[in-house]
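Colleague: Take this structure, written in structure tokens, and hold onto it; I'll ask about it next.
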Amino acid sequence: MPLSTRAPCRPESLPTATMQVMPAGAALGAEIRGVDLAQRLSTAQVALIRQALLDHCVLCFRDQHISDDDQVRFTRHFGTPVEHVRKQRARRVKEIFIISNVKENGEPIGALGNDLIDFHSDLSYLPKPGTASLLYAVEIPDQGGQTQWVDCRAAYAALPAPQQTWLRTLRAVHRHYVAAQNPPEPTIHPVVRRHPETGRLSLYVSPHLTSHVHDMPRDEGDNLLRELYRHMDQPQFIYTHQWQVGDLVIWDNRPTMHRRLPFPDAQRRIMNRTQIFGEEVVE
Ligand code: OGA
Ligand code: MN
């Protein structure tokens, strides 16, 4: 076979010595190099990746050629992936949920369209919300469609000590904008949460999924939330991900929130998502 038509070769399963964690140079985020997620990972590789996720909150693995099953297998290193009940025609594996604006025969093949999705922490409207989420980029638009994450630990740490102390006494109600998605009882979480693995405190409110501050007059609570959102939406706390096809990004929802920037609906964006949830929020 002439060289030019040979399939590109894939590196063999690499030892952890070749794995590199490259911090993104922002408050959070890192690229992991030297890992092929189509291969089974060693215990040592998994331990390094899990630690990097605790340290950097958002990890990107570039140039991955993975199947749905590969993504689910990788996701299992962080917990049990959610099996979606909602039907999506293009979906073959029940743990994969398609995020896309693409329509086939007039029907969207996935969820979330092309508009801005404001800052949120996944599934915070549930009593036991999201821990890790993963997106695998299948098709990306030429413009827009970036995802941004806020380091809610750094945002909390930057507040004056008396305000930190006061915020730790508050709780907030979270809700999904689609009423049917919400549990029967309102979901109430602490405004400041403690990460169960690192022990670090972070803000846990978001413009997309937090309804109001619990047990506080609405005006006062809304003013407080607006002030916190303005504080969190500052460049020093944010990592912006410019997607490339083949990127697998995993993030920890507990100390972060994220938003998807809008993109032209004439362009196609397809992401395969897996998610893990089911851990109580502790203050
Ligand atoms: C999500 C989400 C952002 C994106 O799937 O929960 O927020 O960039 N996606 O697609
Ligand atoms: Mn999300």
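Colleague: Going toward the positive end of the dipole of the chain, with +1 on Lys and Arg Cβ and -1 on Asp and Glu Cβ, which of Thr169, Thr198, Gly278 do you reach last?
Modeller: Gly278
Colleague: Using a cut-off of 13 Å between beta-carbons, work out the net charge of the residues near His208 (Lys and Arg +1, Asp and Glu -1, His208 not included). Walk me through the numbers before you get to the answer.
Modeller: On the way: positive: Arg175, Arg259, Arg260; negative: Asp115, Asp118, Asp122, Asp233.
Taking every Cβ under 13 Å from that of His208, the sum is -1.
Colleague: Considering Cα pairs under 8 angstrom that are at least six residues apart, work out the relative contact order of the chain and quote it in whole percent.
Modeller: In percent, rounded to a whole number, it is 31.
Colleague: So, for the chain, what is the accessible surface per residue at a probe of 1.4 Å, expressed in square angstrom?
Modeller: Values: 13890 Å² over 283 residues.
Result: 49 Å² of accessible area for each residue.
Colleague: When you take every Cα atom in region 112-238, what is the radius of gyration, and what is Dmax, the widest Cα pair distance, in Å?
Modeller: Rg, Dmax (Cα atoms, Å): 15.3, 46.
Colleague: For the charge dipole of region 169-277, defined by +1 on Lys and Arg C-beta atoms and -1 on Asp and Glu C-beta atoms about the Cα centroid, which residue among Pro264, Ala179, Tyr229 has the Cα displaced farthest towards the positive pole?
Modeller: Of the candidates, Pro264 comes out farthest on the positive side.
Colleague: OK, next. Roughly speaking, to the nearest percent, how much of the chain's 1.4 Å accessible area is carbon and sulfur?
Modeller: 51 percent
Colleague: Normalise the Cα radius of gyration of the chain by 2.2 N^0.38 Å (N = residues in it) and let me know the number.
Modeller: Here the answer is 1.03, to two decimals.
Colleague: With angles folded into 0 to 90 degrees, how steeply does helix 218-232 sit against the dominant principal axis of the chain? Use alpha carbons for both and round to 10.
Modeller: Helix 218-232 sits at roughly 40 degrees to that axis.
Colleague: Determine the gain in length on full extension of the stretch Asp63-Arg168; use 0.36 nm per residue of separation and subtract their C-alpha separation, reporting nm with one decimal. List each step's numbers first, then the result.
Modeller: On the way: separation 105, 0.36 × 105 = 37.80 nm, distance 4.15 nm.
Computed gain between Asp63 and Arg168 is 33.7 nm.
Colleague: While we're looking at this one, here's another question. Sorting check: for 252-261, 212-221, 265-274, which peptide has the highest mean count of neighbouring beta carbons within 10 Å, and how do the rest follow? List each step's numbers first, then the result.
Modeller: Details: 252-261: 24.4, 212-221: 13.8, 265-274: 19.4.
Ranking the peptides 252-261, 212-221, 265-274 by packing returns 252-261, 265-274, 212-221.
Colleague: Packing-wise, with mean Cβ within 10 Å as the measure, how do 105-118, 87-100 rank, highest first?
Modeller: 87-100, 105-118
The values are calculated or read from the model by the stated rules, or taken from the named source; none is laboratory data. The model shown is predicted, which means the values in this text are computed figures rather than measured ones. Neighbour counts are summed over all protein chains in view; Cβ atoms, including those assigned to glycine, are modelled from backbone coordinates with ideal geometry. The area values use the complete protein model at the heavy-atom level, side chains included, leaving out ligands, DNA and RNA. Shrake-Rupley method; radii C 1.70, N 1.55, O 1.52, S 1.80 Å.
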